[in-house]
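The structure appears right after this line, and notes come after that.
No value in this document is a laboratory result; all are computed from the given coordinates. A quick note: this is a predicted structure, and the numbers were derived from the prediction, not measured. So basically every Cβ, Gly included, is an ideal-geometry build from the backbone, and we count neighbours across all protein chains shown.
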Amino acid sequence: MTSPNKQPAISLESGYLGEDRILGLICWAISYFRRDAALIGFLFLMIGVSVILNLLYAWPIAILVDTVLNVTPHENWIHKLLLAPFGESKIAQVLGMAFLEMLIKILQETVWMVRLMLSSQIKCNGTARVRTELYEKLQNLSLSWYRTRSQGDTIYRLSYDSLGPWGILDTFIGSVAATVTLVGMLVIMLLRSVPLTLFALSITPFLIAANLYFSPKIRDRAAESKRTDANFTTTAQHALAAMPLIQAFGRQEQEADRFKNAVTQSVTASMQLSWQENLYPLAIQVIFALGKAVIFGYGGWLVYHDQFLHPVAGGVTCGDLIVFMTYLGQLWEPLGWVLGFTTKIQTYVASCERVLEIIAEKPSVVDEPSAALLPVKPRTLTLTEVSFGYRPETMILRGISARIEPGEMVAFLGASGTGKSTLLNLIPRFYDPTGGVIQLDNYNIRSVRLSDLRKHIALVSQESTLFPDTILENLRYGCEEISFEKIEAAVREAGASEFIEMLPNGYETEIIEGGQNLSGGQRQRLAIARALLTDAPILVLDEPTSALDPAHEQWVMETLQRIRGTRTVIIVTHRLETVQSCDRIFVLQHGFIAESGTHADLVARQGVYAQILQPAIAHGACRLHQRA
């Protein structure tokens, strides 16, 4: 989804890339910089100025040798043009050429700095658009996509591969600049000496051969390097996130070996890429050096022939040779750039393909074209023969049917792996059921706008997610306009006020990444308070008391009792203490609802629920049975 104030990139769904994927990919990448057309135009103007300065740089020395210091001056229109401001005085002409050489050099460096600043601005603007669109797409992808993707790889694409479009544009701009420079130099060289120019171009077939040889190697090495770098990032991220577990099980040595293996793979791939990337310019420079030696020898012979052995008017002069050798030093770079365009662009194409893979991905859960608006109010939640599996051959839920009235507090109870949390994920449409229907009142939730559907639901997940911000901002997340008084009330109801008040900065305490400076119970209570602050009529809690001690568990359950009747409360848990006061309990077994009813009803039936209850009674939790 594209934000309203952002010009969208070329549509991918329309098949824009066409048959020539590389060309289409380049056009797609450059489309992110359309809004910088003025800056790019100014950059090309600076490139034009730079080319002119580069072409002029050798001429003050050539004029000095051929005209100012030569007994028999060799003048042409360039000589006359540049010498005109300094009159007939030889001293003035010498000083003038020195000043002109200095001025050209200063202007060259100034224009180069302006080019760098323009390039940096264009790069930042375009890359920001790529990252914004990529992030927006990631936000809208369904959870099923994230189940099959490494978080480290996704972060790598967002951080580094997003530079690919700029790399392509930069390579294109560099190639245009190189082409203009090349044409300008060749025109002047041809005007001075056709044979010498043809000798200079004789190495072109060797440059083409080098390009054809190295281009596929660099492309393949670049793709492998990015894959191993992403794997390294993922390995490091997982290890850092699991550090308490690693230390608790004494697995530091094994994890260090795993990390070293990822580093080794990354370094090996990077070195293989670096080898090819550095071997290619070495081969080019060797070809250039051989060509320069040939031109130096042949050009020197022409000067000797035309000026000393058989002097002829209009022959090759020492100044011409100086211009040629200066141009040759500059000629090989633009020539190599133009011929090596495809080689240079391969790395960036690989990055763009990885970005495009995500941007072109279509969410599995989307609004239907006729999705209805659904104002927030208490509604009946109905599940009819709902089935679901992450893979078609493995069904987790089978034929789940339930009707939950507004204001009811119900629980789904079952052992781990019975599909409790999966069932909760179907209610806000994080996934769509494989079969069956879920309804709010008489609305199939597939026919309701996702944003409206999710406004009906406040979710407290098993792993409480907190952002690296203050406690206050985490509580306000999703309801920024709420008053501080309401926040304090929700915090008290969730049993979190006590520990917040004990913190030195209270509500302004900064939470570090992942909430690592808070206990699991503290994070859970903040998540419950945040859910209570919403206006959602349905409160969904996945193992809400799993990280709480008995005292705070009782506090949370009393809170749920207080809001009972004002909101629909759906609890997923395996803890019997949490469910016994619910209006109804749905017992899941092997993906089915094995039985349902109140705590007392289910105990009296002596069915699955009673079997689950027996271990609790055996361990002294007789109060459960007595309440039956």
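Here the label points at His310 and Lys90, each 7 Å from Cα along the C-beta direction, are separated by 3.2 nm in the simple model. Label zone of Ser370 (point 7 Å out along Cα→Cβ, amide N under 13 Å): in the range 434-460 this covers 444, 447-448.
Multiplying each eigenvalue of the alpha-carbon gyration tensor of the range 96-251 by 5 and taking the square root yields semi-axes of 48, 22, 16 Å, largest first, rounded to whole angstroms.
For the chain, dividing the convex hull volume of the Cα atoms by the residue count gives 220 Å³ per residue. For the range 521-570, the alpha carbon positions stretch 27, 18, 15 Å along the principal axes, listed from largest to smallest. For the range 360-385, backbone nitrogen atoms closer than 16 Å to the point 7 Å from Ser144 Cα along Cα-to-C-beta are found at 361-368.
Residues whose amide H comes within less than 5 Å of that of Gln589, counting only those at least five positions distant or on another chain, are Ala594 (H built at 1.01 Å from N in the peptide plane). With the simple model of a label 7 Å out from the Cα in the direction of the Cβ, Glu510 to Ile208 spans 6.0 nm.
Axis angle, to the nearest 10 degrees, between helix 484-493 and the longest C-alpha principal axis of the chain: 50 degrees. Our analysis of the range 402-458 gives Rg over Rh at 0.95, with the two radii drawn from alpha carbon positions and Rh computed by the Kirkwood formula.
The long axis of helix 252-304 is offset from the longest Cα principal axis of the chain by roughly 20 degrees. Taking the Cβ-Cβ separation of Leu103 and Ala236 as r and a Förster radius of 51 Å, what is the calculated FRET efficiency to the nearest 0.05? Once the sixth-power term is evaluated, E becomes 0.45. Against the main long axis of the alpha-carbon atoms of the chain, helix 37-56 sits at an angle near 30°. The packing ranking, built from the mean of other Cβ atoms within 10 Å per residue, places the peptides 130-137, 496-503 in the order 130-137, 496-503, highest first.
Karplus-based coupling profile of the range 564-573, in residue order and whole Hz: 4, x, 8, 9, 7, 10, 10, 10, 10, 7, with θ = phi - 60° in 6.51 cos²θ - 1.76 cosθ + 1.60 and x standing for Gly or Pro. About its Cα centre, the range 21-359 has a charge dipole of approximately 880 debye under the convention of +1 per Lys or Arg Cβ and -1 per Asp or Glu Cβ, with nothing else charged. Based on DSSP H segments of at least four residues, each scored -39500 (n - 2.57), the chain has a per-residue ellipticity at 222 nm of -19500 deg cm²/dmol. Size check on the range 457-535: the Cα extents along the three principal axes, sorted descending, read 29, 25, 20 Å. Looking at the calculated P(r) for the range 380-486, what percent of the C-alpha pair distances fall above 23 Å? Above the 23 Å cut-off, the range 380-486 has 39 percent of its Cα pairs. For the peptides 171-181, 256-266, residues were scored by their other Cβ atoms within 10 Å and the scores averaged per peptide; the highest-first order is 171-181, 256-266.
Once the chain from Ser497 to Thr598 is taken as fully extended at 0.36 nm per residue, the excess over their C-alpha distance is 33.1 nm.
When each of the peptides 276-284, 89-97 is scored by the mean number of other C-beta atoms lying within 10 Å of its residues, the order from highest to lowest reads 276-284, 89-97.
For the range 21-359, the calculated P(r) over all alpha carbon pairs, in 20 Å bins from 0 to the bin holding the longest distance, is 24, 44, 24, 8, 1 percent.
Label separation (Leu290 vs Val194): 2.7 nm, computed from points 7 Å beyond Cα along the C-beta direction. I'd like the distance separating the alpha-carbon centroids of the range 100-151 and the range 395-456, in whole Å. Result: 43 Å between the Cα centres.
Give me the log10 of I(q) over I(0) for the range 296-431 at q = 0.13, 0.14, 0.16, 0.20 Å⁻¹, as the Debye formula computes it from C-alpha points; what are the numbers? Evaluating at q = 0.13, 0.14, 0.16, 0.20 Å⁻¹ gives log10 I(q)/I(0) of -0.86, -0.90, -1.00, -1.23.
Put a plus charge on the Cβ of each Lys and Arg, a minus charge on the Cβ of each Asp and Glu, and nothing anywhere else: the dipole of the chain about its Cα centre is then about 700 debye.
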